[in-house]
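Asker: Please see the structure below; I have some questions.
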Amino acid sequence: MSAAGLIKTVFFTLITVGFFFIIWVYNPFAHKEVYELPEEAARIVGDPKAALEGRELFKQSCSSCHSVRYDGVYLMSVEAKPEWQKILKTMGKPILETQDGKVKIKGYYLPRDVYEAVALQDLENLKASFGKVPPDLSTIYLARGPGYLYQFIMDPQKVLPGTSMPKLFFPEYDKEAPQKVAKIVAYLRSVSEPSPSEKAKRLVMGVATVGYFILMGFILWFYRKRVLEKMGIS
Amino acid sequence: MLRRIAAWIDERAKVGDLYREQMIEYKVPKNLTFPYVFGVLALITFALQIVSGIILIMYYKPVIAHAFDSTNYTIMREIDFGWLFRHIHAAGANFFLAIVYLHMFTGIYYNAYKKPRELVWIVGWVIYFTLLVTALTGYLLPWGQLSYWGTVVTTEIPASLADAPVLKGIFGAIGETISIWMKGGYKLEDLALGRFFGLHVVFLPLILLGLVAIHLFLVRAAGISNPEGYEIDKKNEPEKLVPFHPYVTLKEGAIAMWYLALFFFFVFFYMSHFLPADNFEPADPLKTPPHIAPEWYLLGFYEVFRSIPSKFWGFVAFNLILLLLLLLPFLDFSPLRSARRRPLFFVMFLVFVISSMALTILGTMSPTPTNAKLGMFFTALVFLFFLSLPVISFVEWGWYKARGGQA
């Protein structure tokens, strides 16, 4: 290849790779807000045991307004309805969980329209007091990330001025407040993200797949060289 | 036994003859460069999209009460490997468009749209356009905030015709009709979701399949282009030709494997761009997210539309770019081919590539007055590229004749 050809090749490769890096991986030009997650909280958020405690905390502190349908957690007032268990078992799908090698029913997943019909009055009441229906939090971790959630639950008005979400945890009175909030975030994370064992499986699958294709590429490349030598084409 | 069955079938179906004719006796230029692989890569990605798409249709529900949950609960959590197929489909859509863009720029660089390959280019353009519509319709299906508001913005773009300097009434009515026709009403609801779903899973893929088949047939009929920009004489210079199999198949096969390795790296380890965070919030017609922008493959056009102060002229400008792209073979009538032999064209090609990239990146930024000015500047450069083609061709005809009709 001539020098000019080499320069052209390098140039076009660089701008193409650079362009896709900016668009797909890291865009320094786009505006993005960063919400800080303290180190201690980050440790709790990553801990699967904290997620279990967080589930209980969520049921106590948050489930009077928010549901987590993907995890079978519904509004307190709805769960108190006498016909609720029957509705879950007839209209819902069991959410299974493996504990010590045994499959257990963790809760029931209810389709959105069924849930909203059953909970109609409760949701209307919430709307009357807050101005809007507090959202279901099944996928909120994926949408907002741990930093935002932690900061937002600690002090909603600071992160989103004018929000109708009240402040529920006060570090001034309760020393445990930051840990509790981190545990709730850990719970929301456990709902949205695959479990650690599943993640490990996906990692192995990913490495095996990528490795397989790289290897196959080389095998084809060297096989081609041999075939071309036999045929007398260089 | 197996061999006898194969021979029995071959005797009747003549598969062997077909293989020999189409793979071994089919000769291609030896000097094909790396960018010629993008066509095959696009075909592979298309196959991946169809396979992963078929699996996703089995569990997806095109009703607004269930669309979001069927994607994020049923597919992502309930079904074994549902996540994998959604990741493949989402990353595949982005890779498909990326490869198609690279394929198009390669075609422009080597002037692969010139006689006798004008139809290859035109059919390719129709594939590109259909692909954009497929991407747009598929984008609505997860029914997240981005899907919803992205589609609202897109379906409202034709309504900017109402901003016309003359005949406001007529243009306005046309724009609104198109807009309502796309949405199936004034609001995006079940009706829109249903028709987007139908288009995305049956109609558009079928059209794409047909168009890809025609595209491939035309490539074979006209012969593959050459980076050096001249047609190889099959009788007088056979040393410049090689059999398609195994020379090209194995080379492109190896590159395709590495391409798949890169693709699956993204599928398994880096999905945050292809499944953007904002789209994990269910669509809420009462809450507009702060930053709405179309996906990256439309951002260039979006930036053209956005940076021009008049909505009407913005609309006209980006449609004109699409149209000029279609008319490329006729704008560039020079007897010379391939940017390798055309210095003037090479410079304008650089201008075109860099402005397209700049427009796309500007589209990701917030719409400040400076960015709008930059957007207009690069839009002007894109038009300059298209308008310079006839001038360059004219000059090159002069050179061609001065050299006594030799390229």
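Asker: Mind checking which pairs have a first residue in the stretch B:322-351 that is closer than 15 Å to B:Val123 by Cα and a second that is surrounded by fewer than 18 Cβ atoms within 10 Å (Cβ to Cβ), Cβ under 6 Å, 6 or more apart or different chains?
Answerer: B:Pro329/B:Glu118
Asker: Given (1) open to solvent by 20 Å² or more (accessible area, probe 1.4 Å); (2) on the phi > 0 side of the Ramachandran plot; (3) not aliphatic (A, V, I, L, M), where does B:Pro367 come up short, assuming only one miss?
Answerer: Among (1) open to solvent by 20 Å² or more (accessible area, probe 1.4 Å); (2) on the phi > 0 side of the Ramachandran plot; (3) not aliphatic (A, V, I, L, M), the lone unmet condition for B:Pro367 is (2).
Asker: Only one of B:Lys14, B:Lys30 is surrounded by fewer than 18 Cβ atoms within 10 Å (Cβ to Cβ) and touching a Leu at 6+ places or on another chain (Cβ under 8 Å). Can you tell me which?
Answerer: B:Lys30
Asker: Suppose we filter B:Trp121, B:Trp181 for residues that are at pLDDT 90 or above and among the aromatic types (Phe, Trp, Tyr); which single one remains?
Answerer: B:Trp121
Here's the yes/no breakdown for (1) of a type in the set (Lys, Arg); (2) farther than 30 Å from B:Asp284 by Cα; (3) open to solvent by less than 50 Å² (accessible area, probe 1.4 Å):
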position	(1), (2), (3)
B:Leu18	no, yes, no
B:Ile24	no, yes, no
B:Thr45	no, yes, yes
B:Val51	no, yes, no
B:Leu56	no, no, yes
B:Val63	no, no, no
B:Phe68	no, no, yes
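Yes or no, residue by residue, for (1) among the hydroxyl-bearing types (Ser, Thr, Tyr); (2) within 13 Å of another protein chain (Cβ to nearest Cβ); (3) touching an Asp or Glu at 6+ places or on another chain (Cβ under 8 Å); (4) surrounded by fewer than 12 Cβ atoms within 10 Å (Cβ to Cβ):
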| position | (1), (2), (3), (4) |
| --- | --- |
| A:Val159 | no, no, no, no |
| A:Thr163 | yes, yes, no, no |
| A:Leu168 | no, no, no, no |
| A:Pro171 | no, no, no, no |
| A:Ala177 | no, no, no, no |
| A:Ala182 | no, no, yes, no |
| A:Glu193 | no, yes, no, no |
| A:Ser197 | yes, no, no, yes |
| A:Val210 | no, yes, no, no |
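Asker: Could I ask something else about it? Return the only residue of B:Ile75, B:Ile5 being of a type in the set (A, V, I, L, M) and open to solvent by 20 Å² or more (accessible area, probe 1.4 Å).
Answerer: B:Ile5
Asker: Take A:Gly217 and tell me if it is more than 16 Å from the chain's Cα centre (by Cα) and either facing another protein chain (nearest Cβ under 8 Å) or of a type in the set (Asp, Glu) (or both).
Answerer: yes
Asker: Oh, and also: Given the criteria open to solvent by less than 50 Å² (accessible area, probe 1.4 Å) and either more than 14 Å from every other protein chain (Cβ to nearest Cβ) or at pLDDT below 95 (or both), does A:Asp122 qualify?
Answerer: For A:Asp122, the condition - open to solvent by less than 50 Å² (accessible area, probe 1.4 Å) and either more than 14 Å from every other protein chain (Cβ to nearest Cβ) or at pLDDT below 95 (or both) - is met.
Asker: Which one is nearest to the chain's Cα centre (by Cα) among residues in the stretch B:268-280 that are in contact (Cβ under 8 Å) with a residue 12 or more places away in the chain and open to solvent by 40 Å² or more (accessible area, probe 1.4 Å)?
Answerer: Across the stretch B:268-280, the extreme among qualifying residues is B:His273.
To keep it simple, each residue is scored yes or no on (1) in contact with a His (Cβ under 7 Å, 6 or more places away or on another chain); (2) more than 11 Å from chain A (Cβ to nearest Cβ); (3) under 21 Å from B:Pro205 (Cα atoms); (4) small (Gly, Ala, Ser).
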residue: B:Leu2; (1), (2), (3), (4): no, yes, no, no
residue: B:Met23; (1), (2), (3), (4): yes, yes, no, no
residue: B:Tyr26; (1), (2), (3), (4): no, yes, no, no
residue: B:Phe46; (1), (2), (3), (4): no, yes, yes, no
residue: B:Ser52; (1), (2), (3), (4): yes, yes, yes, yes
residue: B:Arg77; (1), (2), (3), (4): no, no, no, no
residue: B:Arg86; (1), (2), (3), (4): no, yes, yes, no
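Asker: Okay, moving on. Which number in (1) farther than 27 Å from A:Gly131 by Cα; (2) within 13 Å of chain B (Cβ to nearest Cβ) marks the one condition that A:Ala186 misses?
Answerer: Unmet condition: (2).
Asker: Checking B:Ser334 against (1) out of contact with any strand residue (DSSP E or B) (no Cβ under 7 Å at 6 or more places or on another chain); (2) within 13 Å of chain A (Cβ to nearest Cβ); (3) open to solvent by less than 30 Å² (accessible area, probe 1.4 Å), which test does it fail?
Answerer: (2)
Asker: List, please: which pairs have Cβ atoms under 9 Å, are six or more places apart or on different chains, and start with a residue in the stretch A:12-27 that is within 7 Å of another protein chain (Cβ to nearest Cβ) and end with one that is among the small types (Gly, Ala, Ser) and surrounded by 18 or more Cβ atoms within 10 Å (Cβ to Cβ)?
Answerer: Close Cβ pairs satisfying both conditions: A:Phe20/B:Ala98; A:Ile23/B:Ala98; A:Trp24/B:Ala98.
Asker: On the basis of being at pLDDT 95 or above and either assigned by TED's automatic domain parsing to the domain that holds B:Gly229 or surrounded by 15 or more Cβ atoms within 10 Å (Cβ to Cβ) (or both), does B:Phe349 make the cut?
Answerer: When the stated conditions are applied, B:Phe349 passes them.
Asker: Does any residue of the stretch A:136-143 turn out to be closer than 21 Å to A:Ser64 by Cβ, open to solvent by 40 Å² or more (accessible area, probe 1.4 Å), in contact (Cβ under 8 Å) with a residue 24 or more places away in the chain and not β-branched (Val, Ile, Thr)?
Answerer: Yes: the stretch A:136-143 contains one or more residues that are closer than 21 Å to A:Ser64 by Cβ, open to solvent by 40 Å² or more (accessible area, probe 1.4 Å), in contact (Cβ under 8 Å) with a residue 24 or more places away in the chain and not β-branched (Val, Ile, Thr).
Asker: Does B:Phe265 meet the test of being within 7 Å of chain A (Cβ to nearest Cβ) and open to solvent by 30 Å² or more (accessible area, probe 1.4 Å)?
Answerer: For B:Phe265, the condition - within 7 Å of chain A (Cβ to nearest Cβ) and open to solvent by 30 Å² or more (accessible area, probe 1.4 Å) - is met.
Asker: Now a separate question. Can you name the residue in the stretch B:341-374 that is more than 11 Å from chain A (Cβ to nearest Cβ) and among the hydroxyl-bearing types (Ser, Thr, Tyr) and is also farthest from B:Met104 (Cα to Cα) among such residues?
Answerer: So, considering only residues that are more than 11 Å from chain A (Cβ to nearest Cβ) and among the hydroxyl-bearing types (Ser, Thr, Tyr), the one farthest from B:Met104 (Cα to Cα) is B:Thr370.
The values are calculated or read from the model by the stated rules, or taken from the named source; none is laboratory data. For clarity, every value in this text was computed on a predicted model and none was experimentally measured. We place every Cβ from the backbone using ideal geometry, glycine too, and count neighbours over all the protein chains shown. What goes into the accessible areas is simple: the full protein's heavy atoms, side chains included, and nothing from ligands, DNA or RNA. Shrake-Rupley method; radii C 1.70, N 1.55, O 1.52, S 1.80 Å.
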